[in-house]
Structures are given as C-alpha cells and as structure tokens.
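Below you'll find the structure, written out as structure tokens, and then a few comments.
Read the figures in this text as sums done on the coordinates, not as results from a lab. Quick caveat, the model's predicted, so the values are computed rather than measured. Please note: Cβ atoms are built from the backbone with ideal geometry, for glycine as well, and neighbour counts cover all protein chains shown.
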Amino acid sequence: MAFSATLYLLPSSPNLSYRAPSPLFINLRFPKTLTIKSFSSSLDSPKLAFVEKPSIPSKTGSWEWRFQDNSVKVYYEEHEGDSPKPQKNILMIPTISDVSTVEEWRLVAKDIVMQQGKVNCRATIVDWPGLGYSDRPSINYNADVMEKFLVDFINASNSPLSCAGNELVVFGGGHAATIAFRAAKKGLVKPSAIAAVAPTWAGPLPIVFGRNSDMESRYGLLRGTLRAPALGWMMYNVLVSNEKAIQSQYKSHVYANPDNVTPAIVESRYALTKRKGARYVPAAFLTGLLDPVTSREDFLDLFASMDGKIPVLVVSTKSAPKRSKAEMDALNGVKGVTKFVEVPGALLPQEEYPSIVAEELYKFLLEI
C-alpha cells in the first residue's frame, strides 16, 4: 500500500505543492498557485548500459569515532589491486542523502584500483556517522558535526588512512565534497588533491524555499517532529522508508535514466532506512542543517581558497536537477578549479555510470 502525507508549514492562501528530493510531500501556501511535481531533470543522457557487478572490497572494518559522549562505530571498506608498485591513497566519501551508502562508490573504486597504468591506487570508502552501515546515534547532526568526523577520520593516528600521510586524494559526492573543501579551507585537513563529483551545498527544502527566519522556524518544527520517539518513526516510515518512495526519488532526480533504477538498488536502499536511528540524519539533511555553506558566493569561495594549493577536479552532470546543475555549472572556469568535466548522470553519476566517472577520476590522478 502506498502512503502520502501533508505537512502544513506556512499559514496563508493558495497552495504550492512541492515534492522534495527526499520522498516527502509538503504543501506550502503562497500568494499565487504554482505546482511543482518534482525536481524533474532532462533525461537526454545517453542510455548507457548499467550492469550491477560484484565489487568485493579487500577489507571491511569498523573505526570507532569518539564524539561528545558517543562512541560511534563507523563502517569503511578498503579496495586494492594486485600491483606491488607504490600506491596513491584515495578517500571516497558518499553523497549525503536519506539513503547514503558506501555502495555508490564500489564500482568506481574497483575500476580505479584494477587499472594497470602508471598510478597504482588504494581506495578507502567510508560511511558517514548516522548513515549507511555506520552506527546512528541520536546526535544533533549538522555540518559542523560532519566536518568534525571527516577531520578526525583523516587525521587520527588509528585511522585506516594513517598510512596515507600527506598524499591523500579525496573524492566526494554532493554535500560530501563541499564539506571536504570547507575543512581544507580551514587547514583542518591537507589532501594532495580533491575531486568533487556532482557537488551540492543546499538541502532539499532550503534550495527551493530559502532560508528566511520564517522558513527556518518551519524547518525546525519538521526536524523536531521527525526526531520525536514515536511520531518521528511513524512519519519517517510513511514519507521516507518505503520502496515506492525510494524508487520514485531515484527515477525522478537521483538517476538520469529511470531504466537504471533496478529492484536490487531499491531494496538495498530500503534496507538502510530500517536501521536503528535511520531518521536522525535525514531530518537534518532535508531541512538544511547539513549544508556546509548558505550561498553560492560562499560555495565558490571554498573552491577559490584552493587556488595555487592543490589540484581540484569538478565532475558535473548533464541531467542534474535544474537548481543543482546551476550550482555545478557555476564552478566552470572559476578560480581554484583546475579541471571541469561533464558526464552523463544526475545526482549520483558515480553509481549510475561508474565506468565513465572512474575514467575521468583516473585521468585526474595521472595528471596530478
């Protein structure tokens, strides 16, 4: 049985119906009537074959992150090839979303580490705390918390990355890339290069409805409701944790080609929404608490801060949702961006078109 729900966040007159990137339906009242069915995107990308192939990591593990009074077990994977040559260490960070997971990077990692070229690579993929296969404690998640985790994971003496030294290359998707740039700008991490794949900075609701004080209070109400012990789970199960909603989300704007959204992908993501504590990070992401910056100017400034320091690759996508694509395209030719490329895909090209993304990332590795 399919469900839908309506949250009334604003008083006033005629309706604006908005279908958020997360499978959440919100009716807001505005002076004029406007209906937006979804963040639909142009599906004119080449219909490349998407074949689910097994990608077995060389090692899986759990790293303990100490934060405030919490001990959080963070899941990670290591992928290595067979070459005995010196290695280049890569950290791959999943896109932050309702169903963020290391799985989105597995085939890219496999393609890169199996290359028999001049660069021999070792890739580590890590799940964010509160997402994927990591623990999901009831932390008040925000961009600062996520940045603190990333800094600790990269710099800790007992981290899986401790052997990387100052030669770590970071690949991040969506918000993850922007958080990495924010940490690098502050000097908290010192990667040798960063690649941003379909980079974003605004959460689903703020990118559409803005951040004025009136809206922020409504976001807070929604966030508090989703975090509530009983009502929160009920709302989360209706709005997010169901297979039809996840399938719709992926077909409308996460993938460029709806035919690539397989039952296996939907089932995998649905299983993630059933993990204990699954609603806490989505409540923050949806309402903008995980946004690393609050304006395009600040977004561009993060990239500009890397100018002359490290190589930076931006991988944009042909079929990203209109507003997200505008932010990606704003990075083309700006200060601090060493190389800008465009590939097929929408918001998750590394999973939908892994071979193409892996090729661009490997070429970048050869150039740095």
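Below, the figures for the structure above:
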{"item": "Region 253-368 - percent relative contact order, Cα under 8 Å, separation 6 or more", "result": "29"}
{"item": "Order of GLU367, GLU352, GLU359, GLU103 - criterion: other Cβ atoms within 10 Å of each residue's Cβ, fewest first", "result": "GLU367, GLU359, GLU103, GLU352"}
{"item": "Cα-based shape type of region 163-316, given that a ≥ b ≥ c are square roots of the gyration tensor eigenvalues and the cut on a/c is 1.5", "result": "prolate"}
{"item": "Gyration tensor verdict on region 192-273 (Cα atoms; rounded if a/c is under 1.5, prolate if a/b is larger than b/c, oblate otherwise)", "result": "oblate"}
{"item": "Base-10 log of normalised Debye intensity for region 261-367 (one unit scatterer per alpha-carbon) at q = 0.10, 0.20 Å⁻¹", "result": "-0.39, -1.20"}
{"item": "Footprinting exposure proxy for ARG279, ARG323 (fewest neighbouring C-beta atoms within 10 Å first)", "result": "ARG323, ARG279"}
{"item": "In nm, spacing of pseudo-spin labels at GLU297 and GLU167 (7 Å Cα→C-beta vector)", "result": "4.1"}
{"item": "Eligible lysines near LYS322 by straight Cα distance, threshold 19 Å, same-chain separation 8 or greater", "result": "LYS37, LYS251"}
{"item": "Entries in LYS244/LYS274; LYS88/LYS110; LYS85/LYS190; LYS274/LYS325 that, when Cα-Cα distance is taken, lie over 19 Å", "result": "LYS85/LYS190; LYS274/LYS325"}
{"item": "Pairwise label distance in nanometres, ASN142 with PHE67, each label 7 Å out on the Cα-Cβ vector", "result": "1.3"}
{"item": "Charge sum, other residues only, whose C-beta stays under 13 Å from GLU297's C-beta, Lys/Arg counted +1 and Asp/Glu -1", "result": "-1"}
{"item": "Least to most buried among MET215, MET92 (fewest other Cβ within 10 Å first)", "result": "MET215, MET92"}
